[in-house]
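Comments concern the structure below.
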């Protein structure tokens, strides 16, 4: 499937086509809708360049929430490391 963005929308956004794709890819990655690989492909950027863009925008590369912490804590307790 292809998505067509009209020239009018691109001109109004004042973004190049590449910048527009990057702006779409960033929140899709940030919200977990796209993996790092797919987001970098959507942004038409090499993986390392997309990682740098995430860093510039202060978007975390990995999501680590409280549930993840609790699971890690439980696993460390079961392993006798705590």
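Any read-out appearing in this document is the output of simple, stated calculations on the displayed coordinates, not a laboratory observation. Everything numeric in this text was worked out from a predicted model, so none of it was measured.
Points worth noting:
- Rounded tilt (10° steps) of 66-78 against the dominant C-alpha axis of the chain: 30 degrees
- Look at where the Cα atoms of the range 1-36 and of the range 51-81 average out, and the two centres are 28 Å apart.
- For the chain, a Gaussian network of Cα nodes joined below 10 Å ranks 47, 34, 71 by mean-square fluctuation, and the top entry is 71.
- Descending semi-axes in Å of the chain, equivalent ellipsoid built from Cα gyration tensor: 37, 12, 11
- Largest GNM mean-square fluctuation among 20, 29, 69, using the chain with Cα springs under 10 Å: 69.
- Relative to the dominant Cα principal axis of the chain, helix 47-56 is inclined by about 80°.
- Using a Gaussian network model of the chain in which every pair of alpha carbons under 10 angstrom is joined by a spring, one finds that among 14, 52, 22 the greatest mean-square fluctuation is at 14.
- Crossing angle, helix 17-30 versus the chain [Cα axis fit, 0-90 degrees, rounded to tens]: 20 degrees
- Rounded to the nearest 500, the 222 nm mean residue ellipticity of the chain from helices alone is -18500 deg cm²/dmol, with -39,500 (n - 2.57) taken per DSSP H run of at least 4 residues.
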